[in-house]
Amino acid sequence: MMKFKQNVYELVKKIPRGKVSTYKHIAENLNSGAYRAVGQILKNNKNPNVPCHRVVASNGTIGGFRGETKGEAIKDKINILQKEGIKFENNMIIDFEEKLFFFL
């Protein structure tokens, strides 16, 4: 599990400002279907160098942040992403397909 966690962190670090990825996309890039495990790993992230706020749900909704799925933490995640150029309408990312980052 430690290796998987490190690999998740390394992938998330590659997501540039103004782009997002999904829990599922990260899991698939690690040859795993364990997208919920990716969510749990990021939920417990304490490293400020891992921009876990750039990981969202596959349908373009915000997903969770700091272990929460609503409330102030979600408002914080939206605010951070907006500062990076991501636009929202009703907690959905506008132009979601254009904002998706694809790992090489």
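The values are calculated or read from the model by the stated rules, or taken from the named source; none is laboratory data. None of these values were measured; they are calculated from a predicted model. No Cβ is skipped: glycine too gets one built from the backbone with ideal geometry, and neighbour counts run over all protein chains shown.
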Could you list, in sequence order, the residues of segment 45-77 that are among the polar types (S, T, N, Q) and either modelled with pLDDT of 90 or more or touching a His at 6+ places or on another chain (Cβ under 8 Å) (or both)? 45, 47, 49, 58, 59, 61
Kindly provide the set of residues from segment 13-47 that are basic (Lys, Arg) and either part of a helix (DSSP H, G or I) or out of contact with any strand residue (DSSP E or B) (no Cβ under 8 Å at 6 or more places or on another chain) (or both), ordered by number. 13, 14, 17, 24, 36, 43, 46
Is it true that some residue in segment 5-23 is surrounded by fewer than 19 Cβ atoms within 10 Å (Cβ to Cβ) and in contact with an Asp or Glu (Cβ under 8 Å, 6 or more places away or on another chain)? yes
Report, by residue number, each residue of segment 80-90 that is loosely packed, with under 14 Cβ neighbours inside 10 Å, touching a strand residue (DSSP E or B) at 6+ places or on another chain (Cβ under 8 Å) and not in a helix (DSSP H, G or I). 87
